[in-house]
Amino acid sequence: MFLKSKNSADLSDQDLISQFKKGNDPEVLGQLYSKYVALVYGLCLKYLEDREWSKDATMQIFELLATELYRHEIISFKGWMYVFCKNYCLMELRKQKSLRKKEEIWLIQQKDFMETPDDLHPIDGDENPELNEALKNCIEKMKEDQQQCVRMFYFERKSYRQITAEIGFDEKKVKSLLQNGKRNLKICLDNQHVR
């Protein structure tokens, strides 16, 4: 990954760090890092448990090293590198966990506002005057609770939770009323031969 040049092969870690800080030479940084790249990759693999992610992390750590060396007074580079690498991996795992948590919350929220394609109904489709008139007639034939839920959900675009809060039924009852209402609408529309 990183090649050693002959003139700096015998320099200590401290000498390489000093030389890098003086000249900001990426080759010197590469010399220093090449001594520990296997350690870094192994540590990343231990924490991240994924080869590709660990390879990416190894390269990211190398890129961060250029700025981090200026920010720290390092006595033992190997020990510092171990801690730096470990902290980097733990931060990556926290980010991933946070992203998963945000994704889970987003998916839960989407269930409140959206339905799956299997749940879609003609109300969700394009405007069709004949269909709209048939829908109104079919909705009027429903029980009052179903009518109210169907109107609020489809025409007012309210979520299950909003409907629950407004009419006082629990969420399961609202979902049940909507499911039965959709089934009743389908039967009614089929009987009127409207699609």
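The values are calculated or read from the model by the stated rules, or taken from the named source; none is laboratory data. Since the model is a prediction, treat every value here as computed from it, not as a measurement. Reconstructed Cβ throughout: ideal geometry from the backbone, glycine too, with neighbour counts over all protein chains shown.
Among residues of the range 20-66 being among the polar types (S, T, N, Q) and crowded, with 17+ Cβ neighbours inside 10 Å, the one that is farthest from Leu90 (Cα to Cα) is Gln31. Six or more apart or on different chains, Cβ under 7 Å: which pairs go from a residue in the range 33-44 that's part of a loop (DSSP other than H, G, I, E, B) to one that's not charged (D, E, K, R)? Could you list them? These pairs meet every condition: Tyr36/Met81. If the condition is being over 14 Å from Leu185 (Cβ atoms) and surrounded by fewer than 16 Cβ atoms within 10 Å (Cβ to Cβ), then the range 147-165 contributes Glu156, Arg157, Arg161, Ala165.
Of the helices (runs of 4 or more DSSP H) entirely within the range 86-178, those holding at least 1 residues that are modelled with pLDDT of 85 or more and either within 29 Å of the chain's Cα centre (by Cα) or within 30 Å of Phe62 (Cβ to Cβ) (or both) occupy 160-167. Taken over the range 63-75, residues that are touching a residue at least 40 places away in the same chain (Cβ under 8 Å) and either not small (Gly, Ala, Ser) or not in a helix (DSSP H, G or I) (or both) amount to 3.
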